[in-house]
Amino acid sequence: MASDSPTTHSVRKHVYPPSSTLSPAQAIAEAWKRESKENQERWKKIDADVKTRFNAPRRPERKTKM
């Protein structure tokens, strides 16, 4: 006796077309190309500021009297 119960479900799997796999560096380069010129300039300025701060000499630690 066949049952019409929903206990047997067909499982659908997503099938994606084969694509070329990008390395993380390639993915970043592709994303960079899609950025607007204004955003690219903004990121370049931020990177320059961070580099300047990172390479700046550190303040000597303050020694307390106690």
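The values are calculated or read from the model by the stated rules, or taken from the named source; none is laboratory data. Remember, it's a predicted structure, so these values are computed and weren't measured experimentally. For neighbour counting, all protein chains shown are included, and Cβ atoms are generated from backbone atoms with ideal geometry for every residue, glycine included.
General remarks:
- Note on segment 13-41: residues that are at pLDDT 95 or above and of a type in the set (Ser, Thr, Tyr) amount to 1.
- Complete set of residues in segment 29-43 that are surrounded by 10 or more Cβ atoms within 10 Å (Cβ to Cβ) and of a type outside the set (S, T, N, Q): 29, 30, 32, 35, 41, 42, 43
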